[in-house]
Amino acid sequence: RILVIGANGQIGSELVEALSIRHGADNVFATDISPKNLYGAAQYQVLNVLDEEALAQLVSSQDITQVYQLAAMLSATGEQAPLKAWKLNMDGLLNILEIARERKELGKPLKVFWPSSIAAFGPNTPQDATPQMTVMDPTSIYGISKLAGERLCEYYHLKYGVDVRSIRYPGIISYKSPPGGGTTDYAIAIFHAALRGERYECFLGPQTTLPMIYMADAIRATIELMEAPAEKVKIRSSYNVAGVSFSPQELAAAIKAHVPRFAVSYKPDSRQQIADTWPQSLDDAEARADWGWQARISVDEIVREMLANVDVKVSQAA
Ligand code: VAH
């Protein structure tokens, strides 16, 4: 039985759907801090991940065996409230890891998924084909929380044998639910503008290349990692997982091939400084070798899928 925390978020909403198809909707418990079951999960409940007691109670009463802890503040919103971001991102993870440690002692192991990010890298990290093991000196509070979180995941695995698994997600592109205040959000907002017939003012400069991944690939990576035999999961901090890499200018050109009148202007804001410290592309050799990861969806496919599926009614939120 599976628990998803942060089920109304960009990843959570799609993961609940994918897990329900795989394991049956009766076995997937969607939770979020909001009382609104935004994406129609079959089983939905309010849960604040910072409420350790409520969390422990839910895990034991429902006999949860797998948890996806996706409640977090992202890079851009984190900078508006650094202490709040730190508290939510760290304590949320620690609560889960502690519950997993206790469950293991009871002989009821809880497999944990926790998302890290390319934000865990920093200005002194090699930016091209960033390796799995390298300098990590993040400068955003979000990135600092991701790096610390990776260390905690490995610590709980080594010290207590907790089966925790993690991916360093690139920016995720999707149409179902809006992203929640990250630096890579432009790559979704740009499609909404194109489909509304509007000019898009991009908050990153034209040449800011970043690693990105389409949601379907991101969900597949997550499920493949969680289903891999434990002995194949050799990295217990977090795996580099690559999808595609492009700059705003390149994405705009790919959209223009379908929407010829589309125009983009550039007005970098504080998010530019964050993006400048992140990798441009990732080397995910370990994920490929250990559990057979392989990205499938190209930039052209992303553009076609997004233009065919983005619902401009949800534009405001993006
Ligand atoms: C953000 N999308 O921009 C997130 C992220 C790839 C970076 O984790 O904050």
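Things to note:
- For residue 246, the stated conditions hold: it is under 15 Å from residue 302 (Cα atoms), touching a Ser or Thr at 6+ places or on another chain (Cβ under 8 Å) and among the aromatic types (Phe, Trp, Tyr).
- Taking the stretch 1-89 as the region of interest, the helices (runs of 4 or more DSSP H) fully inside it that hold 1 or more residues being within 20 Å of the chain's Cα centre (by Cα) and either aromatic (Phe, Trp, Tyr) or over 30 Å from residue 278 (Cα atoms) (or both) are 10-23.
- Close pairs (6 angstrom Cβ cut-off, 6 or more residues apart or separate chains): without any contact (Cβ under 8 Å) to a residue 24 or more places away in the chain in the stretch 98-125, among the β-branched types (Val, Ile, Thr) and away from the ligand (no atom under 12 Å from the Cβ) anywhere: 124/135
One line per residue, one yes/no per condition, for (1) outside any helix (DSSP H, G or I); (2) crowded, with 21+ Cβ neighbours inside 10 Å; (3) at pLDDT below 95; (4) basic (Lys, Arg):
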site	(1), (2), (3), (4)
208	yes, yes, no, no
223	no, no, no, no
231	no, no, no, no
236	yes, no, no, yes
245	yes, no, no, no
249	no, no, no, no
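- On the stretch given as the stretch 118-135, residues that are over 19 Å from residue 285 (Cβ atoms) and of a type in the set (Gly, Ala, Ser) total 2.
Per-residue answers, yes or no, for (1) over 13 Å from residue 167 (Cα atoms); (2) over 20 Å from the mean Cα position of the chain (by Cα); (3) among the acidic types (Asp, Glu); (4) away from the ligand (no atom under 16 Å from the Cβ):
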{"residue": "209", "(1), (2), (3), (4)": "yes, no, no, no"}
{"residue": "219", "(1), (2), (3), (4)": "no, no, no, no"}
{"residue": "223", "(1), (2), (3), (4)": "no, no, no, yes"}
{"residue": "234", "(1), (2), (3), (4)": "no, yes, no, yes"}
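- Test for residue 287: is it of a type in the set (Gly, Ala, Ser), part of a helix (DSSP H, G or I) and either within 20 Å of the chain's Cα centre (by Cα) or buried (at least 17 other Cβ atoms within 10 Å of the Cβ) (or both): yes
- The stretch 151-198, subset under 14 Å from the mean Cα position of the chain (by Cα) and more than 30 Å from residue 265 (Cβ to Cβ), residue nearest to the ligand (Cβ to nearest atom): 168
- Pick from the stretch 91-135, criterion assigned to a strand (DSSP E or B) and more than 15 Å from residue 72 (Cβ to Cβ), ranking: nearest to the ligand (Cβ to nearest atom): 130
- Each residue in the stretch 136-163 was checked for being under 19 Å from residue 284 (Cβ atoms) and β-branched (Val, Ile, Thr), and 0 of them qualify.
The values are calculated or read from the model by the stated rules, or taken from the named source; none is laboratory data. Treat the numbers as computed from the prediction; the structure is a model and nothing was measured. Reconstructed Cβ throughout: ideal geometry from the backbone, glycine too, with neighbour counts over all protein chains shown.
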